[in-house]
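Undergrad: Below: one structure in structure tokens.
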Amino acid sequence: MEYDYKALGLKCGLECHQQLDTGKLFSRTPSALREDKPHFKVKRRLRPVVSELGEHDRAALEAFEKGLHYIYEGYRDTVSLVELDEEPPQDVDREALGAVLEVALMCGCNILDEMFVMRKNVIDGSNTSGFQRTMLVATGGMVNAKQKGIGIQTLVLEEDSARPMERTNENITYRLDRLGIALIELATEPTIASPEEAKEVARAIGNVFRLTGKARRGLGSIRQDLNVSIRGGARVEIKGVQELELIDEYVRREVGRQLRLLELKQELAGRGVTKTALYSEPKNITHVFKSTESKILKNSLAKGESIFGIRLEKFSGLAGFEIQPGRRVGTEFADQVKKRAGLRGIFHSDEMPNYGINEKEIIEMETELGCSKDDAFVIVAGQKEKALSALRAVCERAVQCLDGVPEETRGALEDGNTEYLRPLPGAARMYPETDLETIVADTNLLQKIRQSLPRSLEEREKLYAKWGLNEKHIDEMKLSNYAKLFEKAVMGGADAKKTAVFLLEGLVEARRELEAPAAAKQEGATARNLDAKALEEFISAINSGKVAKEIQKELIIEKCKNPGLGIDQLLARKGTQSAGKSAVSQVVAQVIERNSALIKAEGERAFSALMGDAMKELRGRASGKEISDALRKGLAKKV
């Protein structure tokens, strides 16, 4: 559904987080994600600390109150003692710092004279230390999206969190290989005017990140957080949007959700509901279900759990009030129960009778809870403390409905809807990192970066077309992390087409094979062994004719397995040294001689069959063009 967003007073801002393809931000371990069995596990519990003002952050307190333990999995080669919080952080990765400064200069930001690493309280387990290290680098500047400039509030360099692998009621398991990967965070001003514009701005920011040549690729490497509010509503942060094409839908649905919550506020006001009346004490109603046929409740009772209920005055029919497609106020209650108390969910009166609960039990419940026909009720099953905590959360969420839209952080769901995650964090979550020195802006470094800023997308498109690349290669190369290397090579005399084919096809195929599940067979080969020097050596060998296209992938993989070997050594190991013009002519002559009968019958139409034979014998030792030229010449003589 579309709205008049200007009339609604839409305010929308974006926070875009881009992983960088550099080393980890505060340790010298590689930034590589793995899917094989981890080498070790540790188990911890995290606790909140007070800020410099002696205050606790409310989001940190809520996370702590869940009482969870955290299990951390790690690898010896990609997880250091820094990620385990067993030793102090090391200096900021210079390559990552250079990338964020490049973004700042491209966007015209005001770079800070001094940069301070701060600790941001995060005790949901995603950081072993209980905080995330983050550093404000610049403010101001602008991102251009379809001829409209969107102001930048902050540009930040920070470390990524550990990735969640498994959740239970007692534990969350995280993998530490992602913890510490460098992230750029760019936050815009809340001046985005429509859902479609939000998507365009996100695309423009992503393009700026990729122009640096340091942006990691793949699912999860870039994440967007949305801040959305309308007049009469409240600021809501939507975290973890990964699909660019869904950004407009998240904005659209959040606007619709806030409008529906404002309608609910009016309905409650019309019914005369007050906050005092909504606060009621939970009651133990386990005895009502001593003979229940509800499988869910029977299972809970069999585990020794109890059933508690709460009355919501004048709330009849409102738990089923839809606020997003397929999501109702009752769903919001259930989210609170899951996040804050760790229980599976709730039952409410608007969905009764259901789940095996019969009319007799409903009447008994209403009597026990003191419900009239205008009231609603909510019940939960669980251990006493968790059940009472769950119903308190439901009561608090019901009270929030009287104010309309609560300020909160919500998680992005795959269908464009959102769910409650935690309260919005406050200022009490930040304090200085005492283990790292202040970083002073280096004017010489800034001048060096300024002089080598990347060409714009439009400039790259024109230049690459001039160099003879086809449309597909232009489109892929203009945002490739190899664009700067490609431009340097071509300006140094390399053939643009050959170089583009190597970087966009041969190299990509080799990386894909190395990253596949069967890559374990590659004896520890990793694409991380390919630095700029190695790639330049390959480009030179390809352009000189030493390395044919047909064996590029094999040689790249061999190089990754043996990073110390040069091109000549790799060719010798694979038995693919260049054959030379005379050797090519000799092999072609032998192929023609062996196939005299075929040539007599087919004439020049025998070319394809002969080409296949010649390629088999000369594979990797000569280019297809060299073999083709020699074969056409020899075949013409024979015919």
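The values are calculated or read from the model by the stated rules, or taken from the named source; none is laboratory data. Please read these numbers as outputs of a predicted model, since none were measured by experiment. Neighbour counts are summed over all protein chains in view; Cβ atoms, including those assigned to glycine, are modelled from backbone coordinates with ideal geometry. Accessible surface areas use protein heavy atoms only, side chains included; no ligands, DNA or RNA. Shrake-Rupley method; radii C 1.70, N 1.55, O 1.52, S 1.80 Å.
Undergrad: Working only within segment 99-118, note down all residues that are open to solvent by 20 Å² or more (accessible area, probe 1.4 Å) and not aliphatic (A, V, I, L, M).
TA: Within segment 99-118, Gly108, Asn110, Asp113, Glu114, Phe116 qualify.
Undergrad: Among the residues of segment 283-298, write down those that are within 17 Å of His348 (Cβ to Cβ) and either open to solvent by 30 Å² or more (accessible area, probe 1.4 Å) or of a type in the set (A, V, I, L, M, F, W, C) (or both).
TA: Within segment 283-298, Lys283, Ile285, Val288, Phe289, Ile296, Leu297 meet the criteria.
Undergrad: Which condition from (1) hydroxyl-bearing (Ser, Thr, Tyr); (2) modelled with pLDDT of 95 or more; (3) under 30 Å from Val394 (Cα atoms) is the one that Thr212 breaks?
TA: Just one mismatch for Thr212, condition (3).
Undergrad: Only residues that are within 26 Å of Met611 (Cβ to Cβ) and either at pLDDT 65 or above or crowded, with 16+ Cβ neighbours inside 10 Å (or both): list them for segment 571-580, please. Quick ask: steps written out before the conclusion?
TA: First pass over segment 571-580, keeping only residues within 26 Å of Met611 (Cβ to Cβ): 571, 574-580.
Of everything in segment 571-580, those that are within 26 Å of Met611 (Cβ to Cβ) and either at pLDDT 65 or above or crowded, with 16+ Cβ neighbours inside 10 Å (or both) turn out to be Leu571, Thr576, Ser578, Ala579.
Undergrad: Here are the criteria: (1) within 30 Å of Ile363 (Cα to Cα); (2) within 40 Å of the chain's Cα centre (by Cα). Tell me which single one Ser221 does not satisfy.
TA: Result: Ser221 fails condition (1) only.
Undergrad: While we're on this one: Return the residue satisfying two criteria in turn: it lies in segment 344-369 and is in contact (Cβ under 8 Å) with a residue 60 or more places away in the chain, open to solvent by less than 50 Å² (accessible area, probe 1.4 Å) and outside any helix (DSSP H, G or I), and of such residues it is nearest to Lys314 (Cα to Cα).
TA: Ile357
Undergrad: If I ask for residues that are part of a helix (DSSP H, G or I) and β-branched (Val, Ile, Thr), which ones from segment 188-209 would you list?
TA: Residues of segment 188-209 that are part of a helix (DSSP H, G or I), as a first pass: 195-209.
Val201, Ile205, Val208, listed by residue number.
Undergrad: Okay, moving on. Tell me, yes or no, whether segment 309-325 has at least one residue that is under 30 Å from Arg163 (Cα atoms) and either without any contact (Cβ under 8 Å) to a residue 40 or more places away in the chain or touching a helix residue (DSSP H, G or I) at 6+ places or on another chain (Cβ under 9 Å) (or both).
TA: Checking segment 309-325: at least one residue is under 30 Å from Arg163 (Cα atoms) and either without any contact (Cβ under 8 Å) to a residue 40 or more places away in the chain or touching a helix residue (DSSP H, G or I) at 6+ places or on another chain (Cβ under 9 Å) (or both).
Undergrad: Residue pairs, Cβ under 8 Å, 6 or more apart or interchain, first in segment 95-115 and farther than 22 Å from Gly149 by Cα, second of a type outside the set (Phe, Trp, Tyr) and assigned to a helix (DSSP H, G or I). List them.
TA: Every condition considered, the pairs that remain are Gly98/Leu445; Gly98/Ile449.
Undergrad: On to the next question. Find the strands (runs of 3 or more DSSP E) located wholly in segment 235-332 whose residues include 1 or more that are within 38 Å of the chain's Cα centre (by Cα) and among the small types (Gly, Ala, Ser), and list them.
TA: The qualifying strands (runs of 3 or more DSSP E) are 236-241.
Undergrad: Next question. Considering (1) within 21 Å of Glu408 (Cα to Cα); (2) more than 15 Å from the chain's Cα centre (by Cα); (3) of a type in the set (S, T, N, Q), say which one Asn144 fails and leave the rest.
TA: (1)
Undergrad: Now for a separate question. Starting from residues that are farther than 14 Å from Ala104 by Cβ and of a type outside the set (Gly, Ala, Ser), keep the ones in segment 449-460 and report whichever is surrounded by the most Cβ atoms within 10 Å (Cβ to Cβ).
TA: Per the stated criteria, the residue is Arg460.
Undergrad: Moving on to the next point. If I go through segment 459-517 residue by residue, how many of them are β-branched (Val, Ile, Thr) and farther than 25 Å from Glu550 by Cβ?
TA: Matching residues across segment 459-517 total 0.
Undergrad: Between residues in segment 154-171 that are in contact (Cβ under 8 Å) with a residue 12 or more places away in the chain and residues that are open to solvent by 80 Å² or more (accessible area, probe 1.4 Å) and among the aliphatic types (A, V, I, L, M), which pairs lie under 6 Å by C-beta distance while being six or more apart or on different chains?
TA: Within 6 Å, no pair qualifies.
Undergrad: Answer yes if at least one residue in segment 2-14 is open to solvent by 80 Å² or more (accessible area, probe 1.4 Å), modelled with pLDDT under 95 and under 30 Å from Ile192 (Cα atoms), and no otherwise.
TA: Yes: segment 2-14 contains one or more residues that are open to solvent by 80 Å² or more (accessible area, probe 1.4 Å), modelled with pLDDT under 95 and under 30 Å from Ile192 (Cα atoms).
Undergrad: Could you pull out the residue among Ala334, Ala269, Ala302 that is in contact (Cβ under 8 Å) with a residue 24 or more places away in the chain and among the aliphatic types (A, V, I, L, M)?
TA: Sole residue among the options that is in contact (Cβ under 8 Å) with a residue 24 or more places away in the chain and among the aliphatic types (A, V, I, L, M): Ala269.
Undergrad: Still on this structure, please answer the following. Check Glu554, Glu593, Glu550, Glu509 and return the single one that is modelled with pLDDT of 85 or more and among the charged types (D, E, K, R).
TA: Working: Glu554 fails: modelled with pLDDT of 85 or more; Glu593 fails: modelled with pLDDT of 85 or more; Glu550 fails: modelled with pLDDT of 85 or more.
Only one candidate qualifies: Glu509.
Undergrad: Are any residues in segment 121-148 at pLDDT below 95, assigned to a strand (DSSP E or B) and open to solvent by 30 Å² or more (accessible area, probe 1.4 Å), and if so, which ones?
TA: Within segment 121-148, Asn144, Lys148 qualify.
Residue-wise test of (1) in contact (Cβ under 8 Å) with a residue 24 or more places away in the chain; (2) buried (at least 17 other Cβ atoms within 10 Å of the Cβ); (3) more than 30 Å from Glu35 (Cβ to Cβ).
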residue	(1), (2), (3)
Lys472	no, no, yes
Glu476	yes, yes, no
Ala483	yes, yes, no
Ala500	yes, yes, yes
Ala510	yes, yes, no
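Undergrad: Identify the residue in segment 80-120 that is in a strand (DSSP E or B) and either touching a Leu at 6+ places or on another chain (Cβ under 6 Å) or of a type in the set (S, T, N, Q) (or both) and, among all such residues, is nearest to Arg455 (Cα to Cα).
TA: Residue satisfying both the conditions and the ranking: Asn110.
Undergrad: Now for a separate question. Restricting to segment 461-470, name every residue that is without any contact (Cβ under 8 Å) to a residue 24 or more places away in the chain and either part of a helix (DSSP H, G or I) or over 27 Å from Gly218 (Cβ atoms) (or both).
TA: Of all residues in segment 461-470, those without any contact (Cβ under 8 Å) to a residue 24 or more places away in the chain come to 461-462, 465-466, 470.
The answer is Glu461, Lys462, Ala465, Lys466.
Undergrad: Considering only segment 300-342, state which residues are open to solvent by 20 Å² or more (accessible area, probe 1.4 Å), under 17 Å from Lys386 (Cα atoms) and not small (Gly, Ala, Ser).
TA: Leu301, Lys303, Glu305, Lys338, Lys339, Arg340
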